[in-house]
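A short worksheet on the structure shown next.
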Amino acid sequence: MVPVQCGGNDNERFLVDAAVPYDYSFNSACLKHPDKPQYEGGIVVNPELKNGSTGWASFGNAKLRLGRSQTGNDFIVAHQRKQSFDSVSQEFFLDHEKLYTFSAWVQISYGDATVVATFKTPTGFYNAGSTKAKSGCWSMLKGGLTVNKSGSAQLYFQSENTSIDIWINSVSLQPFTQEEWKSHQHQSIEKVRKSKVKFQAVDSEGKPLANRTITIAQKYAKFPFGCAINKNILTNQDYKDWFLSRFKYTTFENEMKWYANEPNQYHEDYTAADEMLQFTQSNGVSVRGHNVFWDDPKYQPSWVSNLGPSQLAAAARKRINSVMGRYSGQVISWDVMNENLHFNFFESKLGSDISSKFYKKAKALDRNTPLFLNDYNTIESPGDQDSSPDSYLSKVKQIWAGGYTGPLSIGLEGHFSQVNIPYMRSAIDKIASSKLPIWITELDVQSGPNQAEILEQVLKEAYAHPAVNGIIIWSAWSPQGCYRMCLTDNNFNNLPTGDVVDKIVRAFFGRVVTATTDVNGFYATSLTHGNYEVKFVEDHHQTAKHIKSPPVSQYFKVGASSSSEDTMHIKIMA
């Protein structure tokens, strides 16, 4: 195992052991035979059940038996289950300083049911992940966990349906050190977010210029990174200055929502949204359209809840035509149906296929703008089955089955209280198997002593994940306080959370690199994807010759190359 020196753009340096790369894959197919266990099972004893029941025991009052398919695939079965947690089990020692990624292949005796992998420890129970298992084929369960205290832990599987037998095979539990986990992030950023660039400084005759100082400044970052705003920004210059010095992407906190646009029936008011859009457009800030409909009954305009089905259908048609007709082509995405995994206000009144109808209409109104689903707890909470990765992907299939045939994008809100970084990564892996675009749309962290630390962990993990296409922080400022997380005080001095955001911005967005060419005029580096300006810095040679002309500058664009080994070559002529 060879130590590899890795460095982040935030100037952190750490020595990592890159012996075990992270496996981002997830197989969403239900297979006749399970895949081999990831990491060859990691620390699991007898992961493929090739040695009988060695390493495995009963949890609760389940009876265990071994099974073998006609093709020789061995597995273990928990049967005669009386309680949800009656299952097969294995014991491990878990280190609180390590991060664990978990996977298994699951089948059940009949029908389909959710099966959850759980670890019982002396300090509590940790759900590592879940899958919607079926009979007749094997489904992959992928997840992860950390524990708050080192000690023994018992893995077991649970399902509310106690009449089913649970079959288990190809189990893996792989520990990673903190340094290894950071190395995964670093390697992913280098591969997905950056490209290699080699500069050569030459004079007018093409001769190399040695020891010349150049600056390389990013003018525009390709990766969307932003923060929500609200109408307070329109009348507060300090808020404007703070925001515009950091972000080129945003979401309006409330100002495009139905209850803000039509608080009284037939009396629409887009004043705040119009003024905010004028402000963002004049400053080159892109806006996500949030939202057309919200499926939570608590957040309807007060007059909507009392409408009958036909009246509601008419009001909804008017709403979608109004907001999308007004802002078509002026936003970069639309959250068409917000939180329709957790809530069903419109479905309960207008039918189970109403989301599909809304997306179909939205596509007709703004054909070229991506249409998003948007919901919470998919990456934050392994215990919320309403919005688990399985449930999210099922909702996507339901919308397509309902008659909408166009593209969809995934909005993962990311309202964190605690953080389970291995589960977050695995949940994104699972969603990414759909090949749909993914954004983290409303990222914040609940107030607490570790708020800033958790925010940094989550931001780095989201940015590093190869499937994430954009991040919006949910921290619009208000003098009365923010939704859950503020980045500044009321004088726009950074709080610790704001310092974290600035650290991320410096590391990945708007960087300025000062460098010196070698004896052959070369300087090589890797740059985050985006638009750049490179120019010579006036040095003692120029000063001695009394050169007063401005430094020569050149603009160029860095994007994803066809191969991570490709290097972009740029000549700078003095």
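The values are calculated or read from the model by the stated rules, or taken from the named source; none is laboratory data. Everything quoted here is computed from the prediction, not taken from an experiment. Don't worry about glycine lacking a Cβ; one is built from the backbone with ideal geometry, like all the others, and counts go over all protein chains shown. Accessible surface areas use protein heavy atoms only, side chains included; no ligands, DNA or RNA. Shrake-Rupley method; radii C 1.70, N 1.55, O 1.52, S 1.80 Å.
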In terms of modelled amide H atoms, which long-range or inter-chain residues lie less than 5 Å from the amide H of Glu262?
-> Asp269
Note the direction-averaged projected area, equal to a quarter of the hull surface, for the Cα convex hull of segment 398-521, in nm².
-> 12.5
Mind checking which helices in the chain clear 24 Å along their axis (Cα) and have mean Kyte-Doolittle hydropathy of 1.6 or more, DSSP H runs only?
-> none
Only Cα pairs under 8 Å and at least 6 apart count here; give the relative contact order of the chain as a rounded whole percent.
-> 18
With Cβ to Cβ distances under 12 Å as the rule, what net charge do the other residues near Ser130 carry (K, R +1; D, E -1)?
-> -1
Residues of segment 126-200: accessible area per residue with a 1.4 Å probe, Å² | 33
Between Asn169 and residues 5 or more places away or on another chain, which pairs have amide H atoms under 5 Å apart, with H built 1.01 Å from N, and which residues are they?
-> Trp105
Segment 396-460: relative contact order as a whole-number percent, Cα under 8 Å and 6+ apart = 41
Expressed in whole Å with the largest first, what are the equivalent ellipsoid semi-axes of segment 350-398 derived from the C-alpha gyration tensor as the square root of 5 times each eigenvalue?
-> 24, 13, 8
Looking only at Cα atoms, what is the convex hull volume of segment 362-453 per residue, in Å³?
-> 104
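Too long at a 19 Å Cα-Cα cut-off: which of Lys98/Lys503; Lys298/Lys397; Lys257/Lys460; Lys231/Lys503; Lys318/Lys349?
Working: Lys98/Lys503 25 Å; Lys298/Lys397 26 Å; Lys257/Lys460 30 Å; Lys231/Lys503 26 Å; Lys318/Lys349 17 Å.
Those over the limit are Lys98/Lys503; Lys298/Lys397; Lys257/Lys460; Lys231/Lys503.
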So which trypsin sites (Lys or Arg not before Pro) in segment 177-230 end up in coil per DSSP with only 15 or fewer other C-beta atoms within 10 Å?
-> Lys222
For segment 475-491, Karplus-derived ³J(HN,Hα) couplings (6.51, -1.76, 1.60; θ = phi - 60°; whole Hz; x for glycine and proline) come out as 8, 5, 8, 9, x, 8, x, 8, 4, 9, 9, 9, 9, 9, 7, 6, 9
Surrounding charge for Ser282, neighbours by C-beta under 12 angstrom, Lys/Arg +1, Asp/Glu -1, total 0
Report P(r) for the chain: all Cα-Cα distances, bin width 20 Å, range 0 to the bin holding the largest distance, values in whole percent.
-> 19, 46, 30, 6, 0
Toward the positive end of the charge dipole of segment 344-480, about the Cα centre and with charges on Cβ (Lys, Arg +1; Asp, Glu -1), which of Thr369, Thr441, Ser409 goes farthest?
-> Thr369
Only helices counted: for the chain, with every DSSP H run of 4 or more residues adding -39500 (n - 2.57) and the sum spread over all residues, [θ] at 222 nm is -7000 deg cm²/dmol
Residue separation times 0.36 nm, minus the C-alpha to C-alpha distance between Asn283 and Gln154: what's the value?
-> 41.0 nm
Ranked by how many other beta carbons lie within 10 Å on average, peptides 311-317, 339-345 from highest = 339-345, 311-317
For Ser526, the residues 5 or more places away or on another chain with a placed amide H closer than 5 Å to its own amide H are Val197
